[in-house]
There are 2 protein chains.
Amino acid sequence: MKVIRRLTGQTKAQMEARATVMKALAHPSRLFIVDELSRGERCVFELTEMIGADVSTVSKHLAVLKAAGILIDDKRGAQVFYRLRVPCILNFFGCVEAVLEEVGRHNVSEAS
Amino acid sequence: MKVIRRLTGQTKAQMEARATVMKALAHPSRLFIVDELSRGERCVFELTEMIGADVSTVSKHLAVLKAAGILIDDKRGAQVFYRLRVPCILNFFGCVEAVLEEVGRHNVSEAS
DNA sequence: TCATCACTTGGCAATATAGCCAAATCATAA
DNA sequence: TTATGATTTGGCTATATTGCCAAGTGATGA
């Protein structure tokens, strides 16, 4: 029998779960946070300074990443330090850069 | 001197470029498409059947993936076949699944 | 206890995304 | 040329996301 893959049931649930993680990573500030945390933990204030947005905005970005399972928070006194929960997240960017290089190559050669 | 990373200039542009790629992947149907195309090229109609949405909706998802540099389209007669431009996209999912497993483990053990 | 620092949460307006239908293209067959 | 099948595009509404300000919470120090 021929098996036809469909976006239903288990497949659908799996793709929705993956999309949650991808969505959490689909924002410049959040990508910056992940990149920065690859160098070690940082508190909210440090990240806020670097990003240059309101601290409430940064706090919400961190909450999104945490909800997706990408970050862990560690409250120490009045400060909250965040770090990567799953460091392999960084492997993403090698491929993302490869895509971007392809795009660049294409745009140059076609002068679109 | 101490170098402080900031989300400005080149860094900002880089993160925005990455976010474009991640955003393109941040949707269940588009993730399904990428997964399906890892098995070989497919035309719009085939994908539409599998996804079960309007063909115009699927066409727009494909346009998003193409614009991000993830897919290539190949017009043959009246049909358009899509395939992955950068197969390493698939490496993503190993890590995404690792995140999801962590999340699962956490939720079970904490019974949140 | 009160003030302050570090952060989170609520609320809101601006913007972006998703999905459907209808209409437009474009290739091919009659 | 006309009809048909495959796909894209325009337009519109519903929904989601973003980012700021203001207010709330919690720890620490005076």
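The values are calculated or read from the model by the stated rules, or taken from the named source; none is laboratory data. Only a predicted model underlies this, so the values are computations on that prediction, with no experimental measurement involved. Don't worry about glycine lacking a Cβ; one is built from the backbone with ideal geometry, like all the others, and counts go over all protein chains shown. Just the protein is used for accessible areas: all its heavy atoms, side chains included, with ligands, DNA and RNA removed. Shrake-Rupley method; radii C 1.70, N 1.55, O 1.52, S 1.80 Å.
Assess whether B:Thr20 counts as being farther than 19 Å from A:Thr20 by Cα and either within 11 Å of DNA strand C (Cβ to nearest atom) or open to solvent by less than 50 Å² (accessible area, probe 1.4 Å) (or both).
no
Consider region A:32-46. How many of its residues are under 16 Å from A:Arg85 (Cβ atoms) and part of a helix (DSSP H, G or I)? Walk me through it before giving the result.
Our first condition is that a residue be under 16 Å from A:Arg85 (Cβ atoms); within region A:32-46, this holds for A:33-42.
With part of a helix (DSSP H, G or I) added as a condition, the list becomes A:33-37.
Residues in region A:32-46 being under 16 Å from A:Arg85 (Cβ atoms) and part of a helix (DSSP H, G or I): 5 in total.
From B:Ala63, B:Ala53, B:Ala98, B:Ala24, grab the single residue that is at pLDDT 95 or above and within 24 Å of A:Gly69 (Cβ to Cβ).
B:Ala24
Yes or no, residue by residue, for (1) of a type in the set (A, V, I, L, M); (2) within 9 Å of the chain's Cα centre (by Cα); (3) at the interface with chain A (Cβ under 9 Å from one of its Cβ atoms):
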| site | (1), (2), (3) |
| --- | --- |
| B:Arg5 | no, no, yes |
| B:Lys12 | no, no, yes |
| B:Met15 | yes, no, yes |
| B:Thr20 | no, no, yes |
| B:Ala24 | yes, yes, yes |
| B:Arg30 | no, yes, yes |
| B:Ser38 | no, no, no |
| B:Glu46 | no, no, no |
| B:His61 | no, no, no |
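Give region A:30-66 a look and list any residue that's in contact with a Phe, Trp or Tyr (Cβ under 8 Å, 6 or more places away or on another chain) and of a type in the set (Val, Ile, Thr), or say none.
The answer is A:Ile33, A:Val44, A:Ile51, A:Val55.
Of all residues in region B:54-92, how many are among the aliphatic types (A, V, I, L, M) and either open to solvent by 40 Å² or more (accessible area, probe 1.4 Å) or in a helix (DSSP H, G or I) (or both)?
Residues of region B:54-92 among the aliphatic types (A, V, I, L, M): B:55, B:58, B:62-65, B:67-68, B:70-72, B:78, B:80, B:84, B:86, B:89-90.
Now narrow it down to the ones that are either open to solvent by 40 Å² or more (accessible area, probe 1.4 Å) or in a helix (DSSP H, G or I) (or both): B:55, B:58, B:62-65, B:67, B:72, B:78, B:89-90.
Total meeting the criteria: 11.
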